[in-house]
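Beneath this line is the structure, given in structure tokens, with notes to follow.
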Amino acid sequence: MNIPVTTEIKKITNPNGKITEVFPLPTDEKFLFDLLKDIFETYWDKIIFGPIIDGAAYEMRCPQAPTQVDLTGGYLTIFFGVTHFHICIGINSGGTRESQQNRTTQRAEYYRDLDKTGAPVSWGFRMYSGAGDQQLTILFPNPFVSECDKILDTPDWSRLSVWNKIQKKYFNRSEDPKDFTANGFANM
């Protein structure tokens, strides 16, 4: 599935001075549902997810493969047995029109954080509500960090495969040689 997305790459300077390259994505309900369903059903054992906000980072792993991925009333729900979460990605009811728009995803982006030399050191996807609140961040496997969350002495470039598969499938973007230019977190 190749979704027409902009090829524009935006550079954002974060409050901490670090640079993030952002690839804007569609925010329509179907696109977000298909993308998130695929990520959670296919890569559930490889991703880390949760909101990352100023002052808090919820870096959670899926306890198992999803038992159900559902879209009802504009809310994506991903179930892991009893544990589950909801994110408003589409048309929803309740409250005023303004409150409905404030809770719905208005910004979605594929991104990579850069070190001081401009080389990528972190790869992910994130979504923001109409109120500007972060709804979700998904961190893709990082070549500088092991599955056990330990810093690696030597990069494992095969860990970029999830990033590369998703960008090829959904954005028709080929593997980017820039992704292989960093030397870890030393230049952060």
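The values are calculated or read from the model by the stated rules, or taken from the named source; none is laboratory data. Computed from a prediction, not measured in an experiment: that's the story for all the values here. Glycine also receives a Cβ, built like all others from the backbone with ideal geometry; neighbour counts cover every protein chain displayed.
Descriptive notes on the structure:
- Residues located in the stretch 78-102, provided they are out of contact with any strand residue (DSSP E or B) (no Cβ under 8 Å at 6 or more places or on another chain) and either part of a loop (DSSP other than H, G, I, E, B) or among the hydrophobic types (A, V, I, L, M, F, W, C) (or both): PHE80, GLY81, VAL82, ILE91, SER93, GLY94, GLY95, THR96
- Unique match (being farther than 27 Å from PHE144 by Cβ and touching a His at 6+ places or on another chain (Cβ under 9 Å)) among GLN68, GLN101: GLN68
- Within the stretch 160-175, being among the charged types (D, E, K, R) and modelled with pLDDT under 95 holds for LYS168, LYS169, ARG173, GLU175.
- Just so you know, in the stretch 39-77 the residues that are under 14 Å from the mean Cα position of the chain (by Cα), touching a residue at least 40 places away in the same chain (Cβ under 8 Å) and assigned to a loop (DSSP other than H, G, I, E, B) include one that is surrounded by the fewest Cβ atoms within 10 Å (Cβ to Cβ), and it is GLU59.
- Selection within the stretch 95-132 - of a type in the set (D, E, K, R) and without any contact (Cβ under 8 Å) to a residue 60 or more places away in the chain: ARG97, GLU98, ARG103
- Among residues of the stretch 142-176 being over 19 Å from the mean Cα position of the chain (by Cα) and closer than 26 Å to GLY17 by Cβ, the one that is surrounded by the most Cβ atoms within 10 Å (Cβ to Cβ) is PRO155.
- Any hit, the stretch 99-110, residues being within 24 Å of GLY17 (Cβ to Cβ) and in contact with a Pro (Cβ under 7 Å, 6 or more places away or on another chain): yes
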